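Novice: Take a look at this one; I'll ask things after.
The values are calculated or read from the model by the stated rules, or taken from the named source; none is laboratory data. Here the structure is a predicted model, which is why all the values come from computation and not from measurement. Ideal geometry is used to build each Cβ from the backbone, glycine not excepted, and the neighbour counts take in all protein chains shown.
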Amino acid sequence: WSHPGNDLIFKLLSSQVPWLLLLACLFLQSAYRRQWANIRALFWLGATVGISDAVAAQIIKPFAARIRPCIALNWIHVVDGCAGSLSFPSNHASNGAAFAAFWFMWKGGPIGWFALACAFCVGISRVYLGMHYPSDVLGGFVLGSCIGGLSFVLARRFILSESPNTTAIKKEAV
């Protein structure tokens, strides 16, 4: 699999650019249409990803203390150097799964499946780039999915509930 073209593709998949473009498009569309519930949900989604990142990096990684494969294994193909020393769980996978789980539960349909596919591609990219073991990615997926799902349940209860300002989001979900 090691090839300069693949290196470029997997570096792009592992970056924040695709996620930020998706969020920017929905934010601009929601602001133009004055869909304030969508904008509140986007900020909630941002907080969800932040929480997922903090739990993975500040709580679980120090506890697990697993060394990255790019440090532990000298035969691993490393694309852009080895960032940090701790590996489990993958923050990229956790953040992508939190985003995708929330997005899937919120929007559903083809765009929800697209978000899940993007999260999966992020996880694969982290293994390809030599930053994580497959189990790091799997652990990140589990953590992020749990955080994203729980966050959506809370968001539905507190910011997406029936009120004059949030009925537009209910109509879009149907």
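Novice: In the range 71-98, how many residues are assigned to a helix (DSSP H, G or I) and surrounded by 15 or more Cβ atoms within 10 Å (Cβ to Cβ)? Talk me through it step by step, then tell me what you get.
Specialist: In the first step, residues of the range 71-98 are kept if they are assigned to a helix (DSSP H, G or I); the result is 71-72, 91-98.
Right, trim to surrounded by 15 or more Cβ atoms within 10 Å (Cβ to Cβ) and you get 71, 91-98.
Qualifying residue count, the range 71-98: 9.
Novice: Determine whether the range 86-101 contains at least one residue that is on the phi > 0 side of the Ramachandran plot and modelled with pLDDT under 90.
Specialist: The initial filter retains those residues of the range 86-101 that are on the phi > 0 side of the Ramachandran plot, namely none.
Looking for residues that are on the phi > 0 side of the Ramachandran plot and modelled with pLDDT under 90, one finds none in the range 86-101, hence no.
Novice: Right, next: Would you check which residues across the range 56-86 are closer than 13 Å to residue 129 by Cα and either touching a residue at least 40 places away in the same chain (Cβ under 8 Å) or polar (S, T, N, Q) (or both) and list them?
Specialist: Hits for the range 56-86 are 68, 69, 70, 76, 77, 78, 79, 80, 82, 83.
Novice: If a residue must be buried (at least 16 other Cβ atoms within 10 Å of the Cβ), small (Gly, Ala, Ser) and over 20 Å from residue 86 (Cβ atoms), how many such residues does the range 99-157 contain?
Specialist: Residues that pass the stated criteria total 10.
Novice: Right, here's the next one. Please go through the range 45-63 and pick out each residue that is surrounded by 15 or more Cβ atoms within 10 Å (Cβ to Cβ) and at pLDDT below 90.
Specialist: Here is the first cut: in the range 45-63, the ones surrounded by 15 or more Cβ atoms within 10 Å (Cβ to Cβ) are 45, 48-49, 51-53, 55-57, 60-61.
Correct list: 45 only.
Novice: Would you check if residue 51 is assigned to a helix (DSSP H, G or I) and free of Cβ contacts under 8 Å to residues at least 24 places away in the same chain? Steps first, answer last, please.
Specialist: Details: assigned to a helix (DSSP H, G or I): yes; free of Cβ contacts under 8 Å to residues at least 24 places away in the same chain: no.
Taking the combined requirement at face value, the residue does not satisfy it.
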